1. Looking only at the stretch 157-179, decide whether some residue is closer than 18 Å to residue 19 by Cβ, in contact with a Ser or Thr (Cβ under 6 Å, 6 or more places away or on another chain) and not aliphatic (A, V, I, L, M).
2. Among the residues in the stretch 172-185, are any touching a Phe, Trp or Tyr at 6+ places or on another chain (Cβ under 7 Å), assigned to a loop (DSSP other than H, G, I, E, B) and of a type in the set (Gly, Ala, Ser)?
3. I'd like to check which helices (runs of 4 or more DSSP H) are fully inside the stretch 1-92 and have at least 3 residues that are more than 14 Å from the ligand (Cβ to nearest atom).
4. I'd like to verify a number: residues in the stretch 99-133 that are more than 15 Å from the ligand (Cβ to nearest atom) and hydroxyl-bearing (Ser, Thr, Tyr), how many?
5. Identify, please: which residue in the stretch 201-235 is more than 25 Å from the chain's Cα centre (by Cα) and either outside any loop (DSSP other than H, G, I, E, B) or in contact (Cβ under 8 Å) with a residue 40 or more places away in the chain (or both) and is, among those, nearest to residue 273 (Cα to Cα)?
6. Assess whether residue 199 counts as being out of contact with any helix residue (DSSP H, G or I) (no Cβ under 7 Å at 6 or more places or on another chain) and under 24 Å from residue 234 (Cβ atoms).
7. Of everything in the stretch 36-80, what is without any contact (Cβ under 8 Å) to a residue 40 or more places away in the chain and touching a helix residue (DSSP H, G or I) at 6+ places or on another chain (Cβ under 7 Å)? Give them in sequence order.
8. Assess whether residue 109 counts as being among the aromatic types (Phe, Trp, Tyr) and either more than 23 Å from residue 199 (Cα to Cα) or crowded, with 21+ Cβ neighbours inside 10 Å (or both).
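The values are calculated or read from the model by the stated rules, or taken from the named source; none is laboratory data. Keep in mind the model is a prediction, meaning the values are calculated, not measured. For neighbour counting, all protein chains shown are included, and Cβ atoms are generated from backbone atoms with ideal geometry for every residue, glycine included.
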Amino acid sequence: APRILSGMQPTSDSLHLGNYLGALVNWVKLQDEFDAYYFVADLHALTVPTDPAVLRDRTRKTAAQFIAGGVDPERSALFCQSHVTEHAELGWVMNCLTGFGEASRMTQFKDKTAKGQNANVGLFTYPMLMAADILMYDAAYVPVGEDQRQHLEITRDLAERFNTRFGEGGLVVPEPYIVKGSAKIQDLQDPTSKMSKTGSSPKGLIDLMQDPAKIAKNIRSAVTDTEAEVRYDVENKPGVSNLLVIHSVLSGTRIEELERAFAGRGYGDLKKEVADVVVDALTPFQKRMAELLDDPAELDRILASGADRARVVAQATMARVRDLVGLVPAA
Ligand code: TYM
């Protein structure tokens, strides 16, 4: 089967509903059809200064959340990026293919530095490490949310540039797998901005590990608009549209059907039902998380065996890349 790959950064104790609906739900669906590689981007997380014990804890929690959300480590290779050291090596090769100006134009770097974040060089070269993650596995598709689109574009450019310089058959040019609608879950308090680990206020976020009562409360106080009609209209009704998307993806009900069901009813009803749908989905998730965190040795074993599988592919790719770019083989 063709390969797919995706990753998430362990930059918080809990994933949020955007990570879940924008990415994880699709990871789970795609693992039936593809040879899937899913990883915790712990090297990327080093771009944000974090206490070492906290980073270790979040890395394991992030991996556990992939499993609790439905990633099956028997079928999909589930691993930590740092366990497959080839990622950093291919990242270096990608750095050497990237123009300084090209890297300077990446919007995430520009946004973060514009907000006054004290940038390190790792943040600057972040997209090249991400390109390495993807190109390492000859991934045909990369299931991510909308905010990763520019990173996928530079990855495609780098793969094409590599092939032009070093010969066709070098690296596979990947396609983004971004599902319209769910690829951008918005902040509940500020529905024109995306829900984000770093940018959202606690009331704007739905954390997967949050207490259900708190989740329901945040949804009930979501910002909507001054009309009273439940209608999907991202331009004029971003808050209501966001709630409809959340409901639709989790309940499997089409948005038009939801609009019909809520005709003549108020926003209070909509919020109450969205809260129920979210809590229903997260209850088994949280139960599974408790079991997984109860057995850290088993989790580490899963990560070790995922890394073993990933390393087989990574070593083959690196051998090919080293040869193509002209590095002398170690005898
Ligand atoms: P990260 O950790 O910020 O986010 C993980 C995934 O969640 C998606 N996402 C969202 N989707 C919908 N609505 C939202 N509000 C929302 N917020 C986040 C992201 O698009 C992503 O799919 N650079 C990556 C990690 C990474 C990676 C990779 C991904 C490193 N190497 C290789 C794919 C392939 C990141 O920071 O994701």
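1. Keep residues of the stretch 157-179 that are closer than 18 Å to residue 19 by Cβ, which gives 176-179.
Going one step further and asking which of them are in contact with a Ser or Thr (Cβ under 6 Å, 6 or more places away or on another chain), we end up with none.
So far as the stretch 157-179 goes, no, none of its residues is closer than 18 Å to residue 19 by Cβ, in contact with a Ser or Thr (Cβ under 6 Å, 6 or more places away or on another chain) and not aliphatic (A, V, I, L, M).
2. Step one: of the stretch 172-185, the residues touching a Phe, Trp or Tyr at 6+ places or on another chain (Cβ under 7 Å) are 174-175, 177.
Retained after the next criterion (residues that are assigned to a loop (DSSP other than H, G, I, E, B)): 174.
Keeping just the survivors that are of a type in the set (Gly, Ala, Ser) gives none.
Looking through the stretch 172-185, none of the residues is touching a Phe, Trp or Tyr at 6+ places or on another chain (Cβ under 7 Å), assigned to a loop (DSSP other than H, G, I, E, B) and of a type in the set (Gly, Ala, Ser).
3. On the way: elements: 25-30, 42-45, 52-68.
Output list reads 52-68.
4. Summing the residues that are more than 15 Å from the ligand (Cβ to nearest atom) and hydroxyl-bearing (Ser, Thr, Tyr) in the stretch 99-133 gives 2.
5. Among them, the one singled out is 220.
6. Details: out of contact with any helix residue (DSSP H, G or I) (no Cβ under 7 Å at 6 or more places or on another chain): yes; under 24 Å from residue 234 (Cβ atoms): yes.
So residue 199 passes the test.
7. Across the stretch 36-80, the qualifying residue is only 45.
8. Details: among the aromatic types (Phe, Trp, Tyr): yes; either more than 23 Å from residue 199 (Cα to Cα) or crowded, with 21+ Cβ neighbours inside 10 Å (or both): no.
When the stated conditions are applied, residue 109 does not pass them.
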